[in-house]
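Before any comments, here is the structure.
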Amino acid sequence: NPSLNNPINTLSGEQAIPKIATCSNNYSYIASFSNESANYNVRMQLLDPQGNPQWASNGILISSHPQMTWLTDWDMAADNANHAVLVFQDIRNGGNNNVVAYRVAPDGSFTWGADGIALSSSTAFDASPKVVTTSAGNAVVAWQADDVIILQKIDPAGNLLWGTSGITLSCAD
C-alpha cells in the first residue's frame, strides 16, 4: 500500500547509512548499520517487487563483528544472479579498520561464508569501499588505504582474481 510506511528494521538504536540494491527480477535488498546492541551490526532485508519483506522481521544479521564507534561510507550491489554483494570495513582483527566483502543469496545464505571475505588485513586505514558487479558475475571492489587506492576482483565462488593483495593505484607527489 503506497500510503503506508513499510518498516525495514524496528530494532532499538540507530539505523545508519542505509543502502539499496535492486535486482534484475525487481526484488530489492535494503541494508544498513544497526546499533541495537552498542555495536554497529550490519543487517539486511529482501523485498519483493510489491515491497513485501521476504525474510523475518528486521531482516537477517550480516555481521556483528566489532566496528569503530563511528562509520565511513560503504556499498552494496546486486549481481547478475540476484545476489547482494556488500562491502564495508570493521575491526574484527584487533583494532585496524579492514575491508570485508559478503555475497548473500536470495534465500539468505552466505555464499562467501558466514564471515565473508577479508579483503585487507593491514595497519593502513582502509575505508569507504565501493563495489560494482560485472556481466560475468564478478564483483570489483575499490577502497582507500591511507594514501593509495586498492582494487580487488572477486568471482562468484569467492576467489580473489587479482591476488591476495589486489591492485594498488598510487601516484608520485
Subset of the range 29-41 (residues that are open to solvent by less than 20 Å² (accessible area, probe 1.4 Å) and small (Gly, Ala, Ser)): ALA31, SER32, SER34
The range 126-167, residues that are closer than 19 Å to ASP90 by Cα, part of a strand (DSSP E or B) and not aliphatic (A, V, I, L, M): ASP126, SER128, PRO129, LYS130, TRP143, GLN144, GLN152
The range 47-62 residues that are within 23 Å of GLY116 (Cα to Cα), paired with ones that are assigned to a loop (DSSP other than H, G, I, E, B) and among the charged types (D, E, K, R) (beta carbon under 8 Å, 6 or more apart): GLN54/ASP48
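With the condition kept exactly as written, say whether any residue in the range 64-73 is closer than 19 Å to SER109 by Cα, in contact (Cβ under 8 Å) with a residue 12 or more places away in the chain and part of a strand (DSSP E or B). Walk me through it before giving the result.
In the first step, residues of the range 64-73 are kept if they are closer than 19 Å to SER109 by Cα; the result is 64-65.
Cutting the leftovers down to in contact (Cβ under 8 Å) with a residue 12 or more places away in the chain gives us 64-65.
With the extra rule that they be part of a strand (DSSP E or B), the set shrinks to none.
Scanning the range 64-73 turns up no residue that is closer than 19 Å to SER109 by Cα, in contact (Cβ under 8 Å) with a residue 12 or more places away in the chain and part of a strand (DSSP E or B).
Just checking, does the range 44-58 include any residue being within 13 Å of the chain's Cα centre (by Cα) and under 23 Å from SER128 (Cα atoms)? Spell out the reasoning first.
Going residue by residue through the range 44-58, those that are within 13 Å of the chain's Cα centre (by Cα) are 44-45.
Cutting the leftovers down to under 23 Å from SER128 (Cα atoms) gives us 44-45.
For the range 44-58, residues within 13 Å of the chain's Cα centre (by Cα) and under 23 Å from SER128 (Cα atoms): present.
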Any hit, the range 54-63, residues being over 23 Å from TRP162 (Cβ atoms), open to solvent by 20 Å² or more (accessible area, probe 1.4 Å) and in a strand (DSSP E or B): yes
Residue pairs meeting the criteria (Cβ under 9 Å; at least 6 apart or on separate chains; first open to solvent by less than 80 Å² (accessible area, probe 1.4 Å), in the range 121-136; second among the basic types (Lys, Arg)): THR134/LYS153
Selection status of ILE117, open to solvent by 30 Å² or more (accessible area, probe 1.4 Å) and hydrophobic (A, V, I, L, M, F, W, C): no
Criterion: part of a strand (DSSP E or B), in contact (Cβ under 8 Å) with a residue 24 or more places away in the chain, open to solvent by 10 Å² or more (accessible area, probe 1.4 Å) and of a type in the set (A, V, I, L, M, F, W, C) - qualifying residue of MET76, MET44: MET76
One residue from VAL85, VAL99 being more than 9 Å from the chain's Cα centre (by Cα), touching a residue at least 12 places away in the same chain (Cβ under 8 Å), part of a strand (DSSP E or B) and on the phi < 0 side of the Ramachandran plot: VAL99
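The values are calculated or read from the model by the stated rules, or taken from the named source; none is laboratory data. All values derive from a computational prediction rather than experimental measurement. Cβ sites come from the backbone with ideal geometry, for glycine too, and all protein chains shown count toward neighbours. Quick note on the areas: whole protein, heavy atoms, side chains included, nothing else; ligands and nucleic acids left out. Shrake-Rupley method; radii C 1.70, N 1.55, O 1.52, S 1.80 Å.
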